[in-house]
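So the structure is just underneath, and the comments pick up after that.
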């Protein structure tokens with residue numbers, strides 16, 4: 001099976017490549033297999049890769065000064081994940097990026113991505129479009145966190161991403177939604193009655 005077939009389809013949603021461009025694009029990628037609970041990014045180390053999930057699930061999180069973890073993002077099939085500040089600026093990471101399941105990633109390293117952008121300028125459009133989508137998502141999430149109750153945030157997440165909720169640990173989901181695991185249990189119990 002062509003491990004790059006899915007990412008080629010994904011890219012084709014945004015830009016059209018010639019066979020030669022597609023071949024060059026694929027030559028800049030690598031496949032990484034990550035075991036559950038393994039990290040691909042850790043604080044203090046410069047993030048070398050932008051990762052797209054082929055199979056599995058990941059989460060990005062930070063740990064505050066009190067030792068509390070705060071989930072920033074999840075990623076499942078066809079979603080990207082990284083410590084983008086570290087990756088784009090090539091400076092030490094502040095996030096952990098961890099596999100929640102055995103996961104297969106398709107990765108760009110920073111220099112390969114720069115070569116790709118120079119060689120095939122239409123990838124500027126591709127990365128701009130996925131960045132815009134990510135920015136819009138983050139804005140919606142931030143506004144939801146500021147304007148909705150915990151229960152409303154939970155309902156919204158379950159409505160849009162119930163398949164993710166079934167794949168991630170309860171502590172990670174609670175931390176993503178901004179409340180404790182105990183509070184998440186109370187909401188779930190209330191909803192099941």
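The values are calculated or read from the model by the stated rules, or taken from the named source; none is laboratory data. This structure is a prediction, so every number in the text was calculated from the model and none was measured. FYI the Cβ positions are ideal-geometry reconstructions off the backbone, even for glycines, and counts take in every protein chain you see.
For residue 40, the criteria (1) at pLDDT 95 or above; (2) part of a loop (DSSP other than H, G, I, E, B); (3) touching a strand residue (DSSP E or B) at 6+ places or on another chain (Cβ under 7 Å) hold in every case but one, which is (2). Selection of the range 1-23 for residues being in contact (Cβ under 8 Å) with a residue 24 or more places away in the chain, closer than 13 Å to residue 127 by Cα and not in a loop (DSSP other than H, G, I, E, B) yields 10, 11.
In the range 81-125, the qualifying residues are those that are in contact with a helix residue (DSSP H, G or I) (Cβ under 6 Å, 6 or more places away or on another chain) and surrounded by 17 or more Cβ atoms within 10 Å (Cβ to Cβ), and the one that is farthest from residue 14 (Cα to Cα) is 93. For the range 127-160, the set of residues classified as out of contact with any strand residue (DSSP E or B) (no Cβ under 8 Å at 6 or more places or on another chain) and touching a residue at least 40 places away in the same chain (Cβ under 8 Å) consists of 129 only. Screening residue 20 with (1) surrounded by fewer than 13 Cβ atoms within 10 Å (Cβ to Cβ); (2) farther than 22 Å from residue 134 by Cβ; (3) touching a strand residue (DSSP E or B) at 6+ places or on another chain (Cβ under 7 Å) gives one miss only, at (3).
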